[in-house]
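For reference, the structure is listed below as structure tokens.
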Amino acid sequence: MSRWSSLFGMNRRNVELVHARNPRRYYPLVDDKIVAKERLVAVGVPVPATLAVCEGLRDLPALLEGLADQESFVIKPSLGGGGHGILVVGERVEPGCWRKAGGEILDLEALHEHAANILFGAFSRGAMTDRILVEPRVTPGGVYAEMWGDGLSDLRVITLERQPVMAMVRVPTASSEGRANLHQGGLGLAVDLETGRVTRAVRNGRLISRHPDNGAQLEGICLPAWQETLDVARRAAGSVPLGYLGVDIVHDKDLGPLVLELNARPGLEIQNVHGRGLASFLEAL
Amino acid sequence: MRRDTLVRACIAALLVLPAMLAGAKMARFDSLAEDLLPRRQYDVAVQVGLDGHGEAARVRTFAPRSDWHQQVVSEESIGPLPFSTSDVGLNREAVWSGGQVPDGVQAEYRFSVLTSDVVYALPEGLPVPAAYPAALASDLAATEVVQVDSPEIAAALTLAGADSGDIASRLTAIHTFVEGLGSRPFKGTTDALTTLRLGEASCNGKSRLFVAMARAAGIPARLVGGVILESGHKRTSHQWVEAYVAGHWVPYCPTNGYAAELPSTYLALYRGDEALFRHTSDIDFDYAFDIHTQMVPSPNARQTMGPLNLWALFDRVGLPFALLRTLLMLPAGALVVVFFRNVVGLPTFGTFLPALIAAASGATGLAWGLVGLLIVTLGVVLVRALVQRFGLLHSPSLAILLTAVVGWLLLVSLFADAVGLASLAQVALFPIAVLAIAAERLYLAWVERGPRDALRDLAGTLVVILGCYVVMNSLALQLIVLGFPEVLLVIVAADLYLGRWTGIRVSEYLRFRPAMGVVA
Ligand SMILES: Nc1ncnc2c1ncn2[C@@H]1O[C@H](COP(=O)(O)OP(=O)(O)O)[C@@H](O)[C@H]1O
Ligand SMILES: [Mg+2]
């Protein structure tokens, strides 16, 4: 098999994986974070706690009141994707006033406007209305905190019929402005499925050996609680009738692996991180 | 896989079905594909302007007749002056007349014609008849400006070698002789003798000389007046001749060198030595021809539509044919978009925005379409940035954006009209809602992913518009789609194929170089 024939481009992913294994009618189960979370909880998959759910403008005053004395929290559009509309908030400066993850100040008025925009569907892939999900801000643990403490790194596991196929860690850098998005200059770490060891580190398509901000050695790092993490990914994938998924997992310092969300159309950049096409991993299965 | 088999079967059906339909059509009408293909239609406006000074005024011109060469499909008059047509001899006189006509009156007589090339094969060996029916007497007679009996004409006939032989060879000799004279755009009427003496003349002089020589050689001949059809605005009319050969009037144009043939660009308006316009004196009369051309389905193709006769429907509802053509070409544009997105991997704003913009540019011309798009997007993005400052909620800010697109389009149109850029003024035809959404996307891309990404997507959009425009305005494709609308099924087959195509996009060969170990 030539190298290129092992590659999954957009067309092949859509035809052979997304359309073939993910019936459209089940998308809402994962596209809606609140719904997905309910299902994950139902089958005993660990997830971050839910601080509040806001169904509409009527609930907004109560929501803001409840948040006013929270130390830190994360507010998300339930139907959002690609990080759009997510505010990572904390620590609190004074009641009703916080510092955002990037360092900017957020006051109650700005929070109000943002929350209203979420409800109007501004971040919701074409939906006209949306709900708000509020979660505690996850504090990373283990190497996730030691090596990449600035932003929240997450582990992406691709599963096919519940079986993990590929995994990578996405690490935010200073130049990616806290976002772990690989196009933004974030790092991608290829993770060996068997051992949970980092085998390669890639930034903007180029191999690197050290973290560009703190110089930490990347290759060879072993991820904590690896078998448990894989097991969480399997169970998370089994919670919905979708055959091809991207499971996003973070590592909480106290609670261990927590599933953030499921993606029914996971991206293909992971192939660049591993330096191999998805098909060669599927074959190995 | 089952799905693949199903899709393949559908593709096969979608390829076979249109072939069968087209075959059936051709068999049923016993016609060649050529007869089903669209024809070029000329839309002619005869525009007149006059100052009536509040008194009675009358303008007489000629309206075209349908014949073997030209077919008048519609006509109408526009303007305040009463207009009527009536048959007078061989011609249809068209008359505007009014009792108390004010100054500065504009009136238009519009008609659409389908024309075809006509070529005659003249039989050899036909002798010049000794006598003709009495009705042809005037086509053999001498007049003040067609000096048939002049010895100089007789001498010219000998010189040309047209004084003996059969009809065909005499006419050819006369044609060659007259065509060989110089051409010169003289103003006004030039008679036959003057043309001969000067050795040069404009179309009317040469045509009169031809007529005089033909009549002198014993062949009935007459002048024909009309216009040469070409897109644009013009005042020039044209004259040529017809010679009577064994019951047929055979066209010759010694000015442009057409012997026994008439190209489809010639439109005959009258026969005989007439003036194209006659009018009440002292009315400061002016006129012009405004000519446009478009492809329309052939009469045969119209019939083959049966209950699906879209052309008849559009006629009834009063929608312009151009709209139907645009609609029928839109699937082709959409296929181009699919190709660029799924095979090339070029990012665009809005899935079918490029096809819609290309369709709208059909009226403005591509360059102005693109300029219009850039101006509009720029304006809208600026408004979007402004709206952002108010911290408005999403839907209301989109509504403002839509309004901004409308306002900005009208403003651009007004401005373009004021400075005389008629084409740019057509930007108001742009799909407004699609533009608003595209501008919104452009703005978001700019803010979220930076100007580089946004400009890249914009460039991609422009390239795809170009592709759509080229394909949707390709004459060949329009001919095929208008003549055989079942081709749309073939386009659907192509969409199906691309819909299951799992190949790597061109852009992905770049994107996945790291995955494939190709290091930049
Ligand atoms: N509870 C949380 N605590 C801290 N950061 C979070 C939390 N939830 C999300 N994030 C941050 O937001 C990013 C995107 O969150 P995710 O739930 O995966 O939404 P999306 O569908 O937009 O990708 C995560 O990678 C992480 O950096
Ligand atoms: Mg995610």
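The values are calculated or read from the model by the stated rules, or taken from the named source; none is laboratory data. A quick note: this is a predicted structure, and the numbers were derived from the prediction, not measured. Cβ: placed from backbone, ideal geometry, glycine included. Neighbour counts: every protein chain shown. SASA here: full protein model, heavy atoms, side chains in, ligands and nucleic acids out. Shrake-Rupley method; radii C 1.70, N 1.55, O 1.52, S 1.80 Å.
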Flag for B:Leu402 being open to solvent by 50 Å² or more (accessible area, probe 1.4 Å), part of a helix (DSSP H, G or I) and either farther than 20 Å from A:Ala116 by Cβ or not acidic (Asp, Glu) (or both): yes
Members of region A:65-90 that are closer than 24 Å to A:Glu261 by Cα, of a type in the set (A, V, I, L, M, F, W, C) and away from ligand 2 (no atom under 16 Å from the Cβ): A:Leu67, A:Phe73, A:Val89
Any chance A:Gln227 is within 14 Å of chain B (Cβ to nearest Cβ) and touching a Gly at 6+ places or on another chain (Cβ under 9 Å): no
Residue match in region B:16-31 (condition: out of contact with any Asp or Glu (no Cβ under 9 Å at 6 or more places or on another chain), at pLDDT 90 or above and over 30 Å from B:Val88 (Cα atoms)): yes
Residue among A:Gly126, A:Gly83, A:Gly142 that alone is open to solvent by 30 Å² or more (accessible area, probe 1.4 Å), more than 9 Å from ligand 1 (Cβ to nearest atom) and closer than 30 Å to A:Gln217 by Cα: A:Gly142
Residue ranges of strands (runs of 3 or more DSSP E) in region A:38-101 with at least 3 members closer than 22 Å to A:Ala264 by Cα: A:73-77
Residue in region B:461-470 that is hydroxyl-bearing (Ser, Thr, Tyr), over 24 Å from B:Leu398 (Cα atoms) and not in a helix (DSSP H, G or I) present: no
Residues (surrounded by 17 or more Cβ atoms within 10 Å (Cβ to Cβ) and not in a helix (DSSP H, G or I)) located in region B:471-485: B:Asn473, B:Phe484, B:Pro485
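So how many residues does region A:1-37 have that are in a helix (DSSP H, G or I), acidic (Asp, Glu) and more than 9 Å from chain B (Cβ to nearest Cβ)? Don't jump to the end; show me each part of the working.
Step one: of region A:1-37, the residues in a helix (DSSP H, G or I) are A:4-6, A:10-21, A:24-31, A:33-37.
Checking the rest, the ones that are also acidic (Asp, Glu) come to A:16, A:31.
The next check asks that each one be more than 9 Å from chain B (Cβ to nearest Cβ); those that pass are A:31.
Matching residues across region A:1-37 total 1.
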So A:Pro46, is it open to solvent by 30 Å² or more (accessible area, probe 1.4 Å) and farther than 20 Å from A:Asp252 by Cα: no
Only one of A:Val93, A:Val89, A:Val74 that is under 23 Å from the mean Cα position of the chain (by Cα), more than 14 Å from every other protein chain (Cβ to nearest Cβ) and more than 9 Å from ligand 1 (Cβ to nearest atom): A:Val89
Identity of the residue in region B:301-353, more than 27 Å from the chain's Cα centre (by Cα) and modelled with pLDDT under 90, that ends up most open to solvent (accessible area, probe 1.4 Å): B:Pro307
Residue that is nearest to the chain's Cα centre (by Cα) [pool: residues in region B:84-101 that are β-branched (Val, Ile, Thr) and farther than 15 Å from B:Ser66 by Cβ]: B:Val95
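Any chance region A:236-249 includes a residue that's assigned to a helix (DSSP H, G or I), away from ligand 1 (no atom under 15 Å from the Cβ) and either buried (at least 21 other Cβ atoms within 10 Å of the Cβ) or not small (Gly, Ala, Ser) (or both)?
Yes.
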Subset of region A:264-285 [more than 12 Å from every other protein chain (Cβ to nearest Cβ) and either surrounded by fewer than 20 Cβ atoms within 10 Å (Cβ to Cβ) or within 16 Å of A:Leu193 (Cα to Cα) (or both)]: A:Arg265, A:Leu282, A:Glu283, A:Ala284, A:Leu285
